[in-house]
1. Which FRET efficiency value, to the nearest 0.05, do you get for residue 22 and residue 102 by plugging their Cβ-Cβ distance into 1/(1 + (r/R0)^6) with R0 = 25 Å?
2. Between 64, 119, 49, find the one with the highest GNM mean-square fluctuation for the chain; connect C-alpha pairs within less than 10 Å.
3. Calculate, axis by axis, the spread of Cα positions in segment 39-145 along the three principal axes, and write the results as whole Å, longest axis first.
4. Quick one: among 104, 112, 68, which has the greatest mean-square fluctuation in a GNM of the chain with alpha-carbon springs under 10 angstrom?
5. Arranged by the count of other C-beta atoms within 10 angstrom, fewest first, what order do 116, 89 take?
6. For n ≥ 4 DSSP H runs only, could you compute -39500 (n - 2.57) per run for the chain, divide by its residues and tell me the 222 nm figure to the nearest 500?
7. Subtracting the Cα-Cα distance from 0.36 nm times the residue separation, let me have the gained length for residue 42 to residue 93 in nm, one decimal.
């Protein structure tokens, strides 16, 4: 199963924020959309980073309430690992687990086309495993001794 299949079922909507927006604005977007992370893109839609609730909490601990007026670029994670629609789920699960990453932007031709979470991968891998088990069970039940 590939990332493309996940996006086909889940959708391609991605909430983004620009690096010059305030972290307060970003916090409002995270809350409104009930998400824990957003992709930071420039005016042309190129990925510049990612901002998570964890980044906001760390910023609050370091800068106090003033963090809410700071630009997103001051708190975002700049080194972003991405994937493509054709990437294999098992491989991405290994990458995300080993690097402790919960979200991967999906990029095609240099453009952001979606986002997947570790939860998405686990869910779809679980579905795939259930289907395989069903096929094996059906085969075992229909086999003649």
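All of the numbers you see were taken from the coordinates with simple rules; none came from a lab. Note that the structure is a prediction, hence the values are computed from the model and not measured. Using ideal geometry, Cβ is built from the backbone for each residue, glycine included, and neighbour counts are taken over all protein chains shown.
1. Here the calculated transfer efficiency is 0.60.
2. Most flexible of the set in this elastic network: 64.
3. 73, 33, 19
4. So, out of 104, 112, 68, the one fluctuating most is 68.
5. 89, 116
6. -14500 deg cm²/dmol
7. Taking residue 42 through residue 93 to full extension adds about 15.6 nm, to one decimal.
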